[in-house]
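The values are calculated or read from the model by the stated rules, or taken from the named source; none is laboratory data. Bear in mind the structure is a predicted one, so any value in this text is a computation, not a measurement. Here the Cβ positions follow ideal geometry from the backbone for every residue, glycine too, while neighbour counts run over all protein chains shown.
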Amino acid sequence: MPQAASSPESRRAPREAIDCPSRIWSAALPPSPALIVNVSPHGCMIRSDRSVRIGERIGVDVPSIGALHGPVIWSLGARFGIEFENAIELEPYVAMLSLLKGSFDAQSFA
């Protein structure tokens with residue numbers, strides 16, 4: 001059943017739209033394809049055909065950053081939000097956005 005526990009108004013930082021292929025996993029979920037729809041230094045929204053629960057700890061591959069982990073803080077249908085346990089530092093975050101909005105190679109995460 002869809003659940004929502006957070007809203008855009010409660011975010012610490014604005015999200016950047018990126019639509020980036022990725023992978024997610026958890027203790028109950030094998031590595032699975034997903035799409036990072038938007039990202040901030042503190043979290044991201046994922047689109048996936050996999051079901052997750054609010055509070056479930058998820059791993060996600062973030063381009064040029066690597067594996068990040070955090071709890072699912074909201075879930076609605078095929079979309080859910082993760083709050084990263086450790087925020088992405090400013091310099092790597094800006095470099096990632098530059099890569100993704102510039103010369104992004106979608107095949108690197110296929």
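Computed values, structure above
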item: Unmet requirement for residue 59, which otherwise passes all of (1) in contact with a His (Cβ under 6 Å, 6 or more places away or on another chain); (2) modelled with pLDDT under 95; (3) assigned to a strand (DSSP E or B); result: (2)
item: Members of region 37-63 that are surrounded by 15 or more Cβ atoms within 10 Å (Cβ to Cβ) and either in contact with a helix residue (DSSP H, G or I) (Cβ under 9 Å, 6 or more places away or on another chain) or among the hydroxyl-bearing types (Ser, Thr, Tyr) (or both); result: 39, 40, 41, 48, 61, 62, 63
item: The listed residue being in a loop (DSSP other than H, G, I, E, B) and hydroxyl-bearing (Ser, Thr, Tyr), out of 64, 75; result: 64
